[in-house]
Amino acid sequence: MILLASTFWIKTFELLLALSILVVFHEFGHYFFARVFGVWVEKFYMFFNYKLTLLKWKPGKYLKWFSTGDEMGAMEEGEEVKNENKSSWRATEYGIGWIPLGGYCAISGMIDESMNTEAMKKPAKPWEFRSKPAWQRLLIMLGGVLFNLLLAMIIYAGIVYAVGEQFVKFSDATEGMEYCDSAHKVGFVDGDIPLTADGEELGYLNADDLQTMLSAREVKVLRNHKDTVTINLPKDFIFQANEDAQNGQQFMAYRLPVVVSQTQPGMGGEKIGLQDGDRMMAINGVPTPSYTEFTAELEKNKGKNVTLNYQRGGKTITVADVPIDGNGKLGILLTDPTKIFKTTVVHYNILQSIPRGIEMGWTKMVNYVKQLKLIFTPEGAQSLGGFGTIGSIFPATWNWVDFWNITAFISVILAVMNVLPIPALDGGHVMFLLYEIITRRQPSVKFLERAQYVGMILLLALLVYANANDIYRFLFK
C-alpha cells in the first residue's frame, strides 16, 4: 500500500508539473504575439486563481500576497485617465494562482472563457484585440499552438544534446520481438523482426516507429532469420492493440534471452552455482528462448524442483532438482539488454541537436494527426482517457529524461488538440478568423458569444466523458 501511494503521488506531481509548464508556455505564445501587435494583455497568470491569488504584481503599482480583491477593476478607469500605454508589458497584471492546472492569458477585447461580454458592448479601443487586422488576430490565436510545438522541439533537442540516442536496431535484435495477443491473431509470430510498414523502413523500438506500424495497412517482417512475410493489418488494429495495452500487454517488445548477471542469496540460482553470463535454455525440457517463456515455466513450477538447462562458455549444462520458490522465482538478476545486443549510440553537438529536435517534434505531430481521425470512431471514443490516462504514462520513479520526453509529447498533443475547429479552443477562433479573411465579413459579437458557450459545453462534456472512462477502466478492468 505504501508503494502504491508513493507511485500515485510521484505520478500526480509529474502530471501537474508537466501541465503547468505546458499551459503557461501555451499562454505565453498568445501573450507574445499580443505584445508584438500592441494588444493589451490584462492578466497573465501561472495557475488558476479562483477566489484566491497567492501573488499578484503590476509593475510600479502593487505587489500583493494572498489577495482576494481585484485591483485591476478598481483602477482601470483611473488608469485610462492617465493615458497609460496599454500595449506595454507594465500594463499587465502578473500573478500566481492556487490551482496548479496550468494558467491563463486575459486579452483585452476578445470573447474567451471569461465571457466578459459587458466590455464588448463598449466602443473598441485601439489597444484591444478586436481593433486589430484579422491576420494579426489570427497570429495571436495561433501563438499558443506554435509555442507548444516549439517547446516540444526545444525539449527534444535538449534531450538528444544531453544524453544522445541509444537504441537496439531491429536488425541487431537477434531473438526478434515478442508480440501481444492481438498481434498474434493478425499473423505476427514471436521472433519476427520488423522490416517495413507501408513501405517505410523501420529502425528500432520507439514511439514513432511503433505508431507507424500500428497505423499501417501492411507490415513486412523477417521470420526465422530467412523468410520475408507480409502481414495485412485490419483498420481497427490500433484499437485492438490499445485494449491489450490497457490489460498490461504492450504491442511488442524485444525478445530478451535470459542471461544471468548475479544470483540472490539462499535461492535456487545460488544453490546450483549460476554465474554471470549463464544463459537459460530450458526448464523440464521445455525450451525457454526468451524471458516470457522462462517466467511462464517458472510460474507453472513454483514451489517445485525442476531440471534446468543453461549454457556457459558455449557448453550446455543440465542440473536436476533445482528449487523454485513459492513465488515462481529462481533468484537471478538479469543482464542489461544493452550488454546482450549490439547497441547504436548517436551523440549530437549543439548545432546537430537543433535540427534533430525539430525533426522529432514534427514527426510526433504528423503521426499524432494521422491517428486523430480514429478518435471519431466508436473504438476511438472508448479509448479516450482523462487525467488518469495521461498521468499513467509517467514513470513511477523520478527520471528527468523520461519526464521531459513525455512532457514534450504532451506538448505536441496540446498543440494539435487546440487547433481543432471547436469554439472555445484556439482552433474555433482560428476558424472564425479564416471565415472573416475569406469573406471580409466579421461574425457578430452575439454569434461569437453563443459559439463560445456551445464550445465550453462540448469541452466540459468531453472532459467528463474522458475522465469517466478512466474511472470505469480502474473499477471494472
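Of all residues in segment 333-375, those being among the β-branched types (V, I, T) and modelled with pLDDT of 90 or more number 3.
With the structure loaded, tell me whether M267 is touching a Pro at 6+ places or on another chain (Cβ under 9 Å) and either modelled with pLDDT under 90 or open to solvent by less than 60 Å² (accessible area, probe 1.4 Å) (or both) or whether it fails that test. Judged against the criteria, M267 is a match.
Candidates are the residues of segment 414-449 that are acidic (D, E) and farther than 30 Å from L15 by Cβ; the one that is modelled with the highest pLDDT is E436. The residue pairs whose first member lies in segment 131-143 and is more than 11 Å from V39 (Cα to Cα), whose second member is of a type in the set (G, A, S), and whose beta carbons are closer than 6 Å, counting only pairs six or more residues apart or on different chains, are G143/G29.
Among all positions in segment 273-281, there is no residue which is farther than 19 Å from K315 by Cβ, surrounded by fewer than 17 Cβ atoms within 10 Å (Cβ to Cβ), within 37 Å of the chain's Cα centre (by Cα) and not aromatic (F, W, Y). Can you name every residue in segment 463-475 that is free of Cβ contacts under 8 Å to residues at least 24 places away in the same chain and over 17 Å from S392 (Cα atoms)? Residue satisfying the conditions is V464 alone. Among the conditions (1) open to solvent by less than 20 Å² (accessible area, probe 1.4 Å); (2) within 23 Å of the chain's Cα centre (by Cα), G331 misses just one, which is (2).
Inspection of segment 395-408 finds a residue satisfying the criterion of being aromatic (F, W, Y), in a helix (DSSP H, G or I), under 28 Å from A152 (Cα atoms) and open to solvent by less than 60 Å² (accessible area, probe 1.4 Å). Per the conditions (1) surrounded by fewer than 20 Cβ atoms within 10 Å (Cβ to Cβ); (2) within 30 Å of R255 (Cβ to Cβ); (3) touching a residue at least 60 places away in the same chain (Cβ under 8 Å), the sole criterion not satisfied by M177 is (1).
Please return the ranges of strands (runs of 3 or more DSSP E) entirely within segment 213-269 where 2 or more residues are β-branched (V, I, T) and free of Cβ contacts under 8 Å to residues at least 40 places away in the same chain.
218-223, 227-232
Remark: pairs (first residue in segment 33-51, farther than 17 Å from G102 by Cβ; second residue charged (D, E, K, R) and assigned to a strand (DSSP E or B); Cβ separation under 8 Å; 6+ apart in sequence or on different chains) = E42/E93. Of everything listed in (1) under 21 Å from A173 (Cα atoms); (2) surrounded by fewer than 16 Cβ atoms within 10 Å (Cβ to Cβ); (3) of a type in the set (S, T, Y), the single unmet condition for T318 is (1).
Considering every residue within segment 286-293, establish whether at least one is outside any loop (DSSP other than H, G, I, E, B), β-branched (V, I, T) and at pLDDT 90 or above.
Filtering segment 286-293 down to residues outside any loop (DSSP other than H, G, I, E, B) leaves 286-287, 291-293.
Still in the running and β-branched (V, I, T): 286, 292.
Going one step further and asking which of them are at pLDDT 90 or above, we end up with 286.
Yes, some residue in segment 286-293 is outside any loop (DSSP other than H, G, I, E, B), β-branched (V, I, T) and at pLDDT 90 or above.
So for segment 116-127 (the condition being in contact with a Lys or Arg (Cβ under 7 Å, 6 or more places away or on another chain) and under 30 Å from Y453 (Cα atoms)), does at least one residue qualify? Yes, segment 116-127 contains at least one residue that is in contact with a Lys or Arg (Cβ under 7 Å, 6 or more places away or on another chain) and under 30 Å from Y453 (Cα atoms).
State whether one or more residues within segment 122-137 are part of a helix (DSSP H, G or I), open to solvent by 60 Å² or more (accessible area, probe 1.4 Å) and within 24 Å of I437 (Cβ to Cβ).
yes
Within segment 204-249, the set of residues being of a type in the set (G, A, S) and buried (at least 16 other Cβ atoms within 10 Å of the Cβ) comprises S215, A216, A241.
The values are calculated or read from the model by the stated rules, or taken from the named source; none is laboratory data. This one's a predicted model, so the numbers in the text were calculated from it and none came from an experiment. Note that each Cβ is placed from the backbone with ideal geometry, even for glycine, and that neighbours are counted across all protein chains shown. Calculation scope for accessible area: heavy atoms of the full protein, side chains included, ligands and nucleic acids excluded. Shrake-Rupley method; radii C 1.70, N 1.55, O 1.52, S 1.80 Å.
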